[in-house]
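The block underneath contains the structure these notes are about, expressed in structure tokens.
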Amino acid sequence: MEPTRVLSLILFSPTLVALIMAFLPREEKTLLRWTALLGSLVPFGLTVAVWFGFDQGRAGFQYVENYVWYPTLNATYHLGLDGLSLSMVLLTTLLTPIAILASFNVEDVSKAYSVKAYMILFLMLETGMLGVFLSLDLLLFFVFWEIGLVPMFFLINQWGSEKGEREVFGKMIPARQYASYKFMIYTMAGSLGLLLAIQLIGVAANTYDLTKLYQIWPSMADLKVPFGLGVGTIKTMAFWAFAVAFALKVPLWPFHTWLPDAHTEAPTAGSMILAGVLLKLGAYGFLRLVLPLFPIESQTYAPVLAFLAMMAIVFGAWAAYGQTDFKRLVAYSSVNHMGFVVLGIAAAAAALGKGDDAVIALNGAVMQMFNHGLSAAGMFFLVGVIYERTHTRNLEEFGGLFPLVPVYGGILIFTSMASLGLPGLNGFISEFLVVRGSWPILPLYTALSMIGLFFTGAYILKGIKKVLHGPTNEKWIGHLTEINPREILVMAPLMVLILWIGVWPGWLLNTINSAMLMLFK
Amino acid sequence: MQFPVLTIIVMTPMVAAMLILLFPAERKTEIRATALAASVVALGLSLWVYFSYDITGPQYQFIEKYAWLPFLGIDFHVAVDGISAPLVLLTGVVMFTGVLISWGEFNPEQHLSAGIQDRPREFFAFLFLLAGGVFGVFVAQDLFMLFFFYEIAVFPMYLLIAIWGWIKTREYAAMKLTMYLFIGSVISLIGALAIYFSVGLNSFDMIKLTEAIQSGALNGVSVNLFGSQIPFQVFWFPFVFMGFAILGGIFPFHNWSPDGHVAAPTAVSMFHAGVLMKLGAFASLKVGIMLLPEGATYWAPWIMGMALVNVVYGAFIASIQQDFKYVIGFSSVSHMGLVMLGFSTLTSQGLLGAGMQMFSHGVMTALFFAVVGMIYDRTHTRQIPELGGISKVMPFVTVAFIVGGLVSLGMPGLSGFAAEFPIFMGVWRVSPWAAILASISIVITASYIVRIMSSVFFGKLPHYEHHFGDVTILDKVALATLSLVMITIGVYPAVMDRLISSGVEHILRLFGGA
């Protein structure tokens, strides 16, 4: 492989753009918005180029870079791509410009929290997320994992919902602040276990390099932990430390409770990225770290994970159905959809990655990650569109808006159908693959999960009905503007991809498949 | 004869102090400019030493040795190793930024008197005397010289705090701090003299003493205590280590530190927490651990226990403080505990982390105290309930504080994580329970940092007595410098870790290949 730095370019070009933006004047909002948008298209362009240069037939990681970083700890700046990370990087670099375009209507909150700060935070967030997907060193992974938290905290805290209050220690604080603290504390709590487990591995294996750890860790017996516990017990503890940290992020039931608040109170573009990419970090962690490093433990506890996934699917759908807040409905839909991802992962774990079914389940899981990224980002944006105009997210206050905003209505129905898993659109492919792969391995949980699918249909249709159908709510006649060209431009790439993947998924599936075949090496 | 760079680094602030005293008192700008020039020279030279140190070379480099009092075996003997080179750089950075912060701003309509406006001549003279002493301790290779510069570093603190400090507690704090530190140094001196006499080389040269002790000069030497024979190293190690560790803020002798921090003027607090406490930790490493390794091995579990109390208890106390500066003061106690914790592991990772933490925390706490000072100068209050909404008026300062806050709670990607991670690795190897206990402090630290951020910087802007704006350009340069240093090490730890590691390797060799 010819030495190339393209991954570092992809990873750090958002930071570079953010740095340039730091020197631009705060008042020039148009300049700032367009710089951010065009700047974020750079990593996207580079990713597309990498996509075409990627060799699906070759085993292992490509475009590898390995430089000195923290030598005394045996942690290196080690980047690399396989089909899994490539698809996630594509998702991230695609959604960020779209989310930035969606943020063109964001204004200054205060002198410190200006449009400039918003855009810089957004770009830093992108670097954090890309770093997780590209990193092949455990310590580097952890650094990027944590880095993504800080921009997200500020995005929710400062630019989140204006209305609403929640109680904390007897005091009422704005809902967005509550959501930002909850998000940060939950994620950090999970990260603490992750940190300790990473330290354990680093001390025992004397390296943090993932490619080396894949070879030596699963069979390692001398763990140098003077606790007096057996190797199996310690590895199980480490497995759960990893699993909980990632389960929090996915989010897996019952670790999901931070999500409804965070997604609902975040600004529109924040929710798009949260649901579109950040949740995938957790699932990616399962695939990149948990399954390859802990194959035995993953197999042992696969039924537990499958149970939790099933609960996420069913409960997520029921909870979504019961919502009156449109945005919260979409938030719970994320719990519902990500449950399928974990179901597929659990099935593959149970089969130790061997056999066609396991690979099909994995393909479905990763595809679901990509597809949900598209549809969730779309749904959150559409909620934002209607909120912009009506300043409410309460489903009961809408009603019969279709004749008033037919284009918006059409787009909303299209995206909702993708979320629902209508054949012909992307969601169907991934959900079908997960079910097809998991059924032979974990029939009970798969069957129960399919019951969840009923309710997925229910809540999606409820959303559409409450917003678009029925008698038109007098309140909005003459007060509702149609979806504007910028907003259509935000949705267009998502809708094109949703349809394209639904009708011809091969281009994406092949790349994912090449990685899944080699996942359990 | 090579360029005597270390002597120049030590002498620059001292010569500058004398030059400054020659200025007429009204020439404030010239005084400040001279101070700034001297600090730039010192910073530049310390940077040069840092980057010219050869990691593959001998342990001690840039050696200079001049006879001073030969009949007593005292030489002016200086050198740097992998541990002291970053600390010399740290002193240069803190000196530079401290001078910038002390420039301040004087605006009578806004009742704004930031920086040192009253008698800057004397202030900078004493401050630079202190700085010279600090540099001297870090590079000293002669035990007597070390004490000599140590006293030079401590004594000006009394004047600086008592004259320019916070009017409410300055005399009390100055007295308390100086007494504690003097007593600490006396205890260490007793131990050092015991070593001097028992080794019998008639030399205070620490390199020679180390070699002699390694070759067994103290084997079989023991102290008779109430009838039982206690090995020399085991008996005297606590004296030497604890005496200096008091300056490092070890529990239960940390009490001088929060009061001292709060009473001191901003630049002095920056020096105090940023450099002086590292002086104590460094000296306890150099004179205690390196000279008496067997004693260190024996007492290591005790040190670990005390350091753990520092780390966890210090964080708890910090989180209940109402005075912003006291929060930072106790957070220093907590973070210095991490340094001692790293020392106590006597492992390569623990010592590496301790070395990095000394640097990282030094820069971070300098930033914190600078920010506190800037806010206090403008709002005239440090009570957290009375503060709020600072981000709306001082956005630059807010961002700087956020960077410092993230370093404090060990956010990966910043220097705090790069330092704390190896410390925890080292502790984990020695005692997993201690590691788990210590990691509790991370959560507590996170909670008080978030609390300060939300109470002081965010939230509603209360009615402040006077209208004020963001800080001056010099203040911004200082804050930016400190932030950039921490970001650089966090993003690319290799810039420091190999240097410190080389020093650590030499230290561990003294432990018989531990």
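The values are calculated or read from the model by the stated rules, or taken from the named source; none is laboratory data. Quantities reported herein were computed from a predicted structural model and do not represent experimental measurements. Counting neighbours? That spans all protein chains shown, and the Cβs are built from the backbone with ideal geometry, glycine included. Ligands, DNA and RNA are excluded from the accessible area calculation, which covers all protein heavy atoms including side chains. Shrake-Rupley method; radii C 1.70, N 1.55, O 1.52, S 1.80 Å.
Test of understanding: among B:442, B:384, B:423, which residue is under 24 Å from residue A:185 (Cα atoms) and open to solvent by 20 Å² or more (accessible area, probe 1.4 Å)? Lay out the reasoning, then the answer.
Numbers: B:384 fails: open to solvent by 20 Å² or more (accessible area, probe 1.4 Å); B:423 fails: open to solvent by 20 Å² or more (accessible area, probe 1.4 Å).
Result: B:442 is the single residue among B:442, B:384, B:423 that is under 24 Å from residue A:185 (Cα atoms) and open to solvent by 20 Å² or more (accessible area, probe 1.4 Å).
Take the range A:465-521 and flag every residue that is in a helix (DSSP H, G or I) and among the small types (Gly, Ala, Ser).
Residues of the range A:465-521 in a helix (DSSP H, G or I): A:465-468, A:474-476, A:485-503, A:506-517.
Listed by number, the residues that qualify are A:492, A:502, A:506, A:514, A:515.
Does the range B:478-509 hold any residues that are at the interface with chain A (Cβ under 10 Å from one of its Cβ atoms) and polar (S, T, N, Q), and which are they?
Listed by number, the residues that qualify are B:501, B:502.
Checking residue A:404 against (1) over 19 Å from residue A:286 (Cβ atoms); (2) of a type outside the set (Asp, Glu); (3) outside any loop (DSSP other than H, G, I, E, B); (4) open to solvent by 10 Å² or more (accessible area, probe 1.4 Å), which test does it fail?
Among (1) over 19 Å from residue A:286 (Cβ atoms); (2) of a type outside the set (Asp, Glu); (3) outside any loop (DSSP other than H, G, I, E, B); (4) open to solvent by 10 Å² or more (accessible area, probe 1.4 Å), the lone unmet condition for residue A:404 is (3).
How many residues are at the interface with chain A (Cβ under 8 Å from one of its Cβ atoms) and either surrounded by fewer than 21 Cβ atoms within 10 Å (Cβ to Cβ) or at pLDDT below 85 (or both) if we restrict to the range B:445-457? Outline the logic, then answer.
Restricting attention to the range B:445-457, the residues satisfying the condition of being at the interface with chain A (Cβ under 8 Å from one of its Cβ atoms) are B:446, B:450, B:454.
Subsequent filtering for residues that are either surrounded by fewer than 21 Cβ atoms within 10 Å (Cβ to Cβ) or at pLDDT below 85 (or both) retains B:450, B:454.
The total comes to 2.
Can you give me the number of residues within the range A:230-242 that are of a type in the set (A, V, I, L, M, F, W, C) and either touching a helix residue (DSSP H, G or I) at 6+ places or on another chain (Cβ under 6 Å) or over 15 Å from residue A:196 (Cβ atoms) (or both)? It would help to see each step written out before you state the result.
Filtering the range A:230-242 down to residues of a type in the set (A, V, I, L, M, F, W, C) leaves A:231, A:234, A:237-242.
Still in the list and also either touching a helix residue (DSSP H, G or I) at 6+ places or on another chain (Cβ under 6 Å) or over 15 Å from residue A:196 (Cβ atoms) (or both): A:231, A:238-239, A:241-242.
Number of matching residues: 5.
If you check B:310, B:255, which single one turns out to be polar (S, T, N, Q) and open to solvent by less than 30 Å² (accessible area, probe 1.4 Å)?
Details: B:255 fails: open to solvent by less than 30 Å² (accessible area, probe 1.4 Å).
Checking each option against the conditions leaves just B:310.
Can you pull out every residue in the range A:473-510 that is open to solvent by less than 60 Å² (accessible area, probe 1.4 Å) and aliphatic (A, V, I, L, M)?
If the condition is that a residue be open to solvent by less than 60 Å² (accessible area, probe 1.4 Å) and aliphatic (A, V, I, L, M), then A:480, A:483, A:490, A:491, A:492, A:494, A:495, A:497, A:498, A:501, A:508, A:509 are the ones that fit.
Within the range B:313-334, track down each residue that is open to solvent by 40 Å² or more (accessible area, probe 1.4 Å) and in contact with a helix residue (DSSP H, G or I) (Cβ under 7 Å, 6 or more places away or on another chain).
Narrowing the range B:313-334 to residues open to solvent by 40 Å² or more (accessible area, probe 1.4 Å): B:313, B:316, B:320, B:322, B:326.
Selection gives B:316, B:322, B:326.
Return only the number of the condition from (1) open to solvent by less than 20 Å² (accessible area, probe 1.4 Å); (2) among the hydroxyl-bearing types (Ser, Thr, Tyr); (3) out of contact with any Asp or Glu (no Cβ under 9 Å at 6 or more places or on another chain) that residue A:214 does not satisfy.
The number of the failed condition is (1).
Which residue pairs have Cβ atoms under 9 Å apart, sit 6 or more places apart or on different chains, and have a first residue in the range B:102-127 that is in contact (Cβ under 8 Å) with a residue 40 or more places away in the chain and a second that is hydroxyl-bearing (Ser, Thr, Tyr) and assigned to a loop (DSSP other than H, G, I, E, B)?
That search, which allows pairs on different chains as well, returns B:103/B:472; B:104/B:472; B:105/B:472; B:114/B:472; B:115/B:472.
What are the residues in the range A:35-84 that are within 14 Å of chain B (Cβ to nearest Cβ) and free of Cβ contacts under 8 Å to residues at least 12 places away in the same chain, if any?
Initially, the range A:35-84 is screened for residues within 14 Å of chain B (Cβ to nearest Cβ), giving A:66-78.
Scanning the range A:35-84 gives A:67, A:68, A:71, A:72.
Could you say whether any residue in the range B:322-334 is part of a helix (DSSP H, G or I) and within 14 Å of chain A (Cβ to nearest Cβ)?
Going through the range B:322-334, the residues part of a helix (DSSP H, G or I) turn out to be B:324-334.
If we keep only those that are within 14 Å of chain A (Cβ to nearest Cβ) too, we end up with none.
So far as the range B:322-334 goes, no, none of its residues is part of a helix (DSSP H, G or I) and within 14 Å of chain A (Cβ to nearest Cβ).
Which condition number in (1) in contact with a His (Cβ under 7 Å, 6 or more places away or on another chain); (2) closer than 24 Å to residue B:509 by Cβ; (3) modelled with pLDDT of 90 or more is the one that residue B:192 fails?
So the condition that residue B:192 fails would be (1).
Go through the range A:350-378 and report how many residues are open to solvent by less than 10 Å² (accessible area, probe 1.4 Å) and under 21 Å from the mean Cα position of the chain (by Cα).
17
Here's a check for you: in the range B:154-164, which residue that is within 18 Å of residue B:275 (Cα to Cα) and open to solvent by less than 50 Å² (accessible area, probe 1.4 Å) is modelled with the lowest pLDDT? Give the steps one after another, and end with the answer.
Filtering the range B:154-164 down to residues within 18 Å of residue B:275 (Cα to Cα) leaves B:154-161.
From what is left, the residues that are open to solvent by less than 50 Å² (accessible area, probe 1.4 Å) are B:154, B:156-157, B:159-161.
Values: B:154: 89, B:156: 93, B:157: 92, B:159: 93, B:160: 93, B:161: 93.
Per the stated criteria, the residue is B:154.
Go through B:356, B:425, B:374 for me and flag whichever is in a helix (DSSP H, G or I), in contact with a strand residue (DSSP E or B) (Cβ under 7 Å, 6 or more places away or on another chain), touching a residue at least 40 places away in the same chain (Cβ under 8 Å) and aliphatic (A, V, I, L, M). Spell out the reasoning first.
On the way: B:356 fails: in contact with a strand residue (DSSP E or B) (Cβ under 7 Å, 6 or more places away or on another chain); B:425 fails: in contact with a strand residue (DSSP E or B) (Cβ under 7 Å, 6 or more places away or on another chain).
Just a single option satisfies the conditions, and that option is B:374.
Table: residues versus (1) surrounded by fewer than 24 Cβ atoms within 10 Å (Cβ to Cβ); (2) out of contact with any helix residue (DSSP H, G or I) (no Cβ under 9 Å at 6 or more places or on another chain); (3) over 20 Å from residue A:276 (Cβ atoms); (4) within 14 Å of chain B (Cβ to nearest Cβ).
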site: A:89; (1), (2), (3), (4): no, no, no, no
site: A:97; (1), (2), (3), (4): yes, no, no, no
site: A:101; (1), (2), (3), (4): yes, no, no, no
site: A:108; (1), (2), (3), (4): yes, no, yes, yes
site: A:119; (1), (2), (3), (4): no, no, no, no
site: A:125; (1), (2), (3), (4): no, no, no, yes
site: A:143; (1), (2), (3), (4): no, no, yes, yes
site: A:153; (1), (2), (3), (4): yes, no, no, yes
site: A:183; (1), (2), (3), (4): no, no, no, yes
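Find the residue count for the range A:429-473, including only residues that are closer than 27 Å to residue A:303 by Cα and of a type in the set (Val, Ile, Thr).
First pass over the range A:429-473, keeping only residues closer than 27 Å to residue A:303 by Cα: A:429-457.
Then keep just the ones that are of a type in the set (Val, Ile, Thr); that gives A:429, A:434-435, A:441, A:446, A:451, A:456.
The total comes to 7.
Please report, ordered by residue number, the helices (runs of 4 or more DSSP H) entirely within the range A:266-321 with at least 3 residues that are closer than 23 Å to residue A:517 by Cα and open to solvent by 10 Å² or more (accessible area, probe 1.4 Å). Lay out the reasoning, then the answer.
Working: elements: A:268-273, A:279-285, A:295-321.
Helices (runs of 4 or more DSSP H) meeting the threshold: A:295-321.
How many of the residues in the range A:193-229 are out of contact with any Pro (no Cβ under 6 Å at 6 or more places or on another chain), without any contact (Cβ under 8 Å) to a residue 24 or more places away in the chain and over 20 Å from residue A:295 (Cβ atoms)?
So the answer is 6.
Give the residues of the range A:171-208 that are touching a Ser or Thr at 6+ places or on another chain (Cβ under 6 Å) and not in a helix (DSSP H, G or I), sorted by residue number. Even if it seems obvious, please write down each step before you answer.
The initial filter retains those residues of the range A:171-208 that are touching a Ser or Thr at 6+ places or on another chain (Cβ under 6 Å), namely A:175-176.
Correct list: empty.
What's the number of the condition residue B:149 fails, among (1) of a type in the set (A, V, I, L, M, F, W, C); (2) over 29 Å from residue B:480 (Cβ atoms); (3) open to solvent by 10 Å² or more (accessible area, probe 1.4 Å)?
(3)
Has the range B:399-418 got at least one residue that is within 21 Å of residue A:189 (Cα to Cα), facing another protein chain (nearest Cβ under 10 Å) and aromatic (Phe, Trp, Tyr)?
Within the range B:399-418 (the criterion being within 21 Å of residue A:189 (Cα to Cα), facing another protein chain (nearest Cβ under 10 Å) and aromatic (Phe, Trp, Tyr)), the answer is yes, since at least one residue qualifies.
Could you tell me whether the range B:390-398 includes any residue that is within 14 Å of another protein chain (Cβ to nearest Cβ), open to solvent by 10 Å² or more (accessible area, probe 1.4 Å) and closer than 26 Å to residue B:96 by Cβ? Walk me through it before giving the result.
Taking the range B:390-398 and keeping what is within 14 Å of another protein chain (Cβ to nearest Cβ), we get B:390-398.
Of the ones still in play, those that are also open to solvent by 10 Å² or more (accessible area, probe 1.4 Å) are B:392-393, B:395-396.
Checking which are closer than 26 Å to residue B:96 by Cβ leaves us with B:395-396.
The answer is yes, given that some residue of the range B:390-398 is within 14 Å of another protein chain (Cβ to nearest Cβ), open to solvent by 10 Å² or more (accessible area, probe 1.4 Å) and closer than 26 Å to residue B:96 by Cβ.
Scan the range A:185-198 residue by residue and report those that are of a type in the set (A, V, I, L, M) and open to solvent by 10 Å² or more (accessible area, probe 1.4 Å). First the steps, then the outcome.
So the first thing to find is which residues in the range A:185-198 are of a type in the set (A, V, I, L, M), and the list is A:185, A:188-189, A:192, A:194-198.
Residues satisfying the conditions are A:185, A:188, A:189, A:192, A:195, A:196.
So which residues in the range B:458-504 are part of a helix (DSSP H, G or I), of a type in the set (D, E, K, R) and open to solvent by 40 Å² or more (accessible area, probe 1.4 Å), if there are any at all?
Here is the first cut: in the range B:458-504, the ones part of a helix (DSSP H, G or I) are B:473-491, B:494-504.
Among the residues that remain, those that are also of a type in the set (D, E, K, R) are: B:475-476, B:497-498.
If the condition is that a residue be part of a helix (DSSP H, G or I), of a type in the set (D, E, K, R) and open to solvent by 40 Å² or more (accessible area, probe 1.4 Å), then B:476, B:498 are the ones that fit.
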